[in-house]
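Input: a single structure, listed below in structure tokens.
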């Protein structure tokens, strides 16, 4: 009977090794959860920055599209201190490669690229949208 009492006495609690292993597993689990949470916050901030940049690019593109005539060239500017913009307008050739034709098209085609740049932590990020705009030639004619 003495041996049965000894077995009950030793099986009532956790050993020091079991407690240390349980705490180590808990620590690793918590570290992973905290890292996932901070990663999610970082991705959320990056997503917000890209959304802002896309909205700024859309606004700038609408501003250019609303102009009656545009010219080839590059412009730069700033939105709110954090976001910068670059607009590159390039004239596109809409005629075939043969340049000896007397045909003059009634319009000019321009490629418009709007590039938005910003600094996100140590990285420089950017997003670009591109569109095309047509200028009518002979814009001095009166409309009836």
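Read the figures in this text as sums done on the coordinates, not as results from a lab. In this text the structure is predicted, and so the values were computed from the model without any measurement. All Cβ positions, glycine included, derive from the backbone under ideal geometry; neighbour counts span all protein chains shown.
Exposure proxy shown here: for 14, 79, 110, the number of other Cβ atoms within 10 Å sets the order, fewest to most, as 14, 79, 110. Taking other C-beta atoms within 10 angstrom as a stand-in for reagent exposure, 129, 94 fall in the order 94, 129, fewest first. Computed from the C-beta positions of residue 119 and residue 58, the FRET efficiency with R₀ = 30 Å rounds to 0.90.
Per-residue Cβ neighbour counts within 10 Å put 102, 80 in the sequence 102, 80, beginning with the fewest.
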